[in-house]
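First up is the structure itself, then whatever we jot down about it.
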Amino acid sequence: MRYCDLLECVPLSQPSMSQHLKALVEAGLVKSEKVGRSIHTSLNWVKLQELEDFLQSLKRS
């Protein structure tokens, strides 16, 4: 999904969205790639599954 399209879907200001996406990219949960003049973002499903597994293990403890 293009960054500008994501901004239209989420009720956040552009600076807030940038900060949140930066944190998600640094955590490895979101991938960000510059394509021409656009930035495309996508979920990192492998890392999200690892996070879900970890949270489920905490729930079982």
Screening Leu21, Leu12, Leu7 for residues that are part of a loop (DSSP other than H, G, I, E, B) and either among the polar types (S, T, N, Q) or at pLDDT below 95 (or both) leaves only Leu12
Filter segment 24-38 down to residues that are assigned to a strand (DSSP E or B) and small (Gly, Ala, Ser) and give me whichever is surrounded by the fewest Cβ atoms within 10 Å (Cβ to Cβ). Ser38
Considering (1) surrounded by 10 or more Cβ atoms within 10 Å (Cβ to Cβ); (2) assigned to a helix (DSSP H, G or I); (3) of a type outside the set (A, V, I, L, M), say which one Thr41 fails and leave the rest. (2)
Is there any pair linking a residue in segment 1-28 that is under 15 Å from Leu43 (Cβ atoms) to one that is assigned to a helix (DSSP H, G or I) and among the aromatic types (Phe, Trp, Tyr), with Cβ under 9 Å and at least six apart or on different chains, and which? Leu21/Tyr3
Close pairs from segment 41-61: first within 23 Å of Val10 (Cβ to Cβ), partner in a helix (DSSP H, G or I), Cβ under 7 Å, at least 6 apart: Thr41/Tyr3; Thr41/Leu6; Thr41/Leu21
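The values are calculated or read from the model by the stated rules, or taken from the named source; none is laboratory data. The structure displayed is predicted, hence computed values, not measured ones. Please note: Cβ atoms are built from the backbone with ideal geometry, for glycine as well, and neighbour counts cover all protein chains shown.
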